[in-house]
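**Q** Could you have a look at this structure, given as structure tokens, before my questions?
The values are calculated or read from the model by the stated rules, or taken from the named source; none is laboratory data. As the structure is a prediction and not an experimental result, all values here were calculated from the model. Cβ sites come from the backbone with ideal geometry, for glycine too, and all protein chains shown count toward neighbours. Surface accessibility is based on the protein's heavy atoms, side chains included, excluding ligands, DNA and RNA. Shrake-Rupley method; radii C 1.70, N 1.55, O 1.52, S 1.80 Å.
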Amino acid sequence: MAEVMKKKRNKDTRPNLGNSIYSLTHEELQTWLENHGEPKFRATQIFEWLYQKRVEYFEEMTNLSKGLRDKLNESFTITTLETVVQQKSQDGRTMKFLFEMNDGYTIETVLMKHDYGYSVCVTSQVGCRIGCTFCASSIGGLKRQLESGEIVSQVIKVQKALDEQGERVSSIVLMGIGEPFDNYEEIIAFLRTINHNKGINIGARHITLSTSGIVPRIYDFADEKTQVNFAVSLHAVTNERRSKLMPINKAYPLEKLLPSVKYYNETTGRRVTFEYGLLGGENDSPDEARALAKVIRDYNLNIHVNLIPVNFVPERDYVRTPRSQIFEFERTLKEEGINVTIRREQGHDIDAACGQLRAKERKKETR
Ligand code: SAH
């Protein structure tokens, strides 16, 4: 992970709305300190305050000089997110947070309790321009990119809620609103901070990034050689069907996508997950399961298939595959020698399940 972000971020394309200090990687904070006449080891002290003690004010950073605290105060804020709604599912295992940002846009973040610990599903953009026909997140299109600090802050906010119970976030999935590879540089900065041993220190193998299949970024991400778990939303194995479900397939059809997945396997030595959403009557027959297995074999890919029963989105009229047919699909893949699981579902009652999150603009005056 130390290798991540060989490329410098282009500051000109960043919205820089709230100037959150969470947007600075450890390395960038060191540079900032040096430019302000401070020794760079202070970056580690500041990281400890921000990510381990999770303070909310620079004044609390008592091992820094008053002068440095003042400089930090003038240059940055800590968080730029305000929690406006916090909802818990009936079974108590899922919590959804609605955060409002400086410009009035809101984003959603989901906390899930599993047997192995707590995972946080973070949002990477306000809205999404990928336009998948089964997903709520792209209704309304892309509003703006998130800065890395706004993504980091989602994790800190959720961790602070868990602090009250003495619990810790153990894994992160980049599967909230947005397409992470459409906001690549900020995502890489986010990964660095979240993974940094003086930052939140979540191991790369406990982080999962999912993409709809932006092929050039798959090659870039492979070259970063992180240990992050990598997932591709496949959903169909013919161009005709996949283009219908996911317009991105017109730009990056299967004959471009699948070799990039192969490259990822070979470059990182790691297995890739294919997310395959079962949409009733669309892509869920045993024949389709066999076609999926064939594609994986033909391209000689190292794949784990994760089946996702489609979740209800009011504006989308897909129907769920019956339970028995989901198991049949799974069984068929297994018979074909494919490694497969069915995604555990939670959070339906608070619209926090896959594909149900959406971006909203709140009018300040109605608050
Ligand atoms: N943009 C990224 C990250 C989103 S991750 C991507 O496309 O991979 C969320 C996962 O949930 C993706 O696999 C997405 O295709 C899937 N999803 C979207 N809408 C869904 C729905 N209504 N039901 C089930 N899964 C859905």
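**Q** Part of a loop (DSSP other than H, G, I, E, B), touching a helix residue (DSSP H, G or I) at 6+ places or on another chain (Cβ under 9 Å), farther than 28 Å from ASP115 by Cα and not polar (S, T, N, Q): which single residue out of GLY199, GLY213, GLY149 fits that description?
**A** Numbers: GLY199 fails: farther than 28 Å from ASP115 by Cα; GLY149 fails: part of a loop (DSSP other than H, G, I, E, B).
The match here is GLY213.
**Q** Let me ask something additional. Examine segment 235-243 for a residue that is modelled with pLDDT of 95 or more, on the phi > 0 side of the Ramachandran plot, assigned by the TED database to the domain that holds PRO180 and in contact with a helix residue (DSSP H, G or I) (Cβ under 8 Å, 6 or more places away or on another chain), and state whether such a residue exists. Give the steps one after another, and end with the answer.
**A** Here is the first cut: in segment 235-243, the residues modelled with pLDDT of 95 or more are 235-243.
From what's left, on the phi > 0 side of the Ramachandran plot: 235.
Narrowing the set further to residues that are assigned by the TED database to the domain that holds PRO180 leaves 235.
From the residues that got through so far, the ones that are in contact with a helix residue (DSSP H, G or I) (Cβ under 8 Å, 6 or more places away or on another chain) too are 235.
Within segment 235-243, one or more residues are modelled with pLDDT of 95 or more, on the phi > 0 side of the Ramachandran plot, assigned by the TED database to the domain that holds PRO180 and in contact with a helix residue (DSSP H, G or I) (Cβ under 8 Å, 6 or more places away or on another chain).
**Q** Mind listing whichever residues of segment 274-291 are within 12 Å of the ligand (Cβ to nearest atom) and hydrophobic (A, V, I, L, M, F, W, C)?
**A** Within segment 274-291, PHE274, LEU278, LEU279 meet the criteria.
**Q** Then there is this: When you go through (1) open to solvent by less than 20 Å² (accessible area, probe 1.4 Å); (2) in a helix (DSSP H, G or I) one by one for TYR276, which number turns out not to apply?
**A** Here TYR276 meets the rest and fails (2).
**Q** I'd like the full set of residues that are within 11 Å of the ligand (Cβ to nearest atom) and more than 18 Å from the chain's Cα centre (by Cα), limited to segment 202-235.
**A** Matches in segment 202-235: HIS235 only.
**Q** Among the residues of segment 292-320, write down those that are open to solvent by less than 40 Å² (accessible area, probe 1.4 Å) and either over 24 Å from the mean Cα position of the chain (by Cα) or away from the ligand (no atom under 16 Å from the Cβ) (or both).
**A** Residues satisfying the conditions are LEU292, ALA293, VAL295, ILE296, LEU301.
**Q** Counting only residues that are of a type in the set (Gly, Ala, Ser) and surrounded by fewer than 19 Cβ atoms within 10 Å (Cβ to Cβ), which one in segment 71-121 is nearest to GLN356 (Cα to Cα)?
**A** GLY92
**Q** Looking only at residues that are within 16 Å of the ligand (Cβ to nearest atom) and of a type in the set (Val, Ile, Thr) in segment 128-154, which one is least open to solvent (accessible area, probe 1.4 Å)?
**A** Checked segment 128-154; the qualifying residue least open to solvent (accessible area, probe 1.4 Å) is ILE151.
**Q** Can I ask one more? Determine if segment 71-89 includes at least one residue that is of a type in the set (A, V, I, L, M, F, W, C), modelled with pLDDT of 95 or more and farther than 19 Å from ILE156 by Cβ.
**A** So far as segment 71-89 goes, no, none of its residues is of a type in the set (A, V, I, L, M, F, W, C), modelled with pLDDT of 95 or more and farther than 19 Å from ILE156 by Cβ.
**Q** Only one of (1) within 30 Å of GLY140 (Cβ to Cβ); (2) in the same structural domain as VAL228 (by the TED database); (3) away from the ligand (no atom under 16 Å from the Cβ) is not met by GLU328, so which one is it?
**A** (1)
**Q** Against the definition (closer than 16 Å to GLU275 by Cβ, modelled with pLDDT under 85 and more than 10 Å from the ligand (Cβ to nearest atom)), how does ARG344 come out, yes or no?
**A** yes
**Q** Is it true that LEU357 is outside the structural domain of LEU234 (by the TED database) and within 12 Å of the ligand (Cβ to nearest atom)?
**A** Values: outside the structural domain of LEU234 (by the TED database): yes; within 12 Å of the ligand (Cβ to nearest atom): yes.
Considered against the rule, which asks whether it is outside the structural domain of LEU234 (by the TED database) and within 12 Å of the ligand (Cβ to nearest atom), LEU357 comes out as yes.
**Q** Can you pull out the residues in segment 155-183 that are assigned to a helix (DSSP H, G or I) and either more than 16 Å from the ligand (Cβ to nearest atom) or over 11 Å from the mean Cα position of the chain (by Cα) (or both)?
**A** The answer is VAL155, ILE156, LYS157, VAL158, GLN159, LYS160, ALA161, LEU162, ASP163, ASP182.
**Q** Identify the residue in segment 184-199 that is more than 16 Å from the ligand (Cβ to nearest atom) and open to solvent by 10 Å² or more (accessible area, probe 1.4 Å) and, among all such residues, is farthest from PHE47 (Cα to Cα).
**A** Filtering segment 184-199 for residues that are more than 16 Å from the ligand (Cβ to nearest atom) and open to solvent by 10 Å² or more (accessible area, probe 1.4 Å), the one farthest from PHE47 (Cα to Cα) comes out as GLU185.
**Q** Can you confirm whether segment 143-155 contains a residue that is more than 18 Å from SER20 (Cβ to Cβ) and among the β-branched types (Val, Ile, Thr)?
**A** no
This table checks each residue for (1) at pLDDT below 95; (2) more than 30 Å from the chain's Cα centre (by Cα); (3) crowded, with 21+ Cβ neighbours inside 10 Å.
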| residue | (1), (2), (3) |
| --- | --- |
| PRO15 | yes, no, no |
| GLY18 | yes, no, yes |
| GLU27 | no, no, no |
| THR31 | no, no, no |
| ASN35 | no, yes, no |
| GLN45 | no, no, no |
| LEU50 | no, no, yes |
| LEU64 | no, yes, no |
| ARG69 | no, yes, no |
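**Q** What is the residue count in segment 321-354 for residues that are open to solvent by less than 90 Å² (accessible area, probe 1.4 Å) and of a type in the set (Lys, Arg)?
**A** 1
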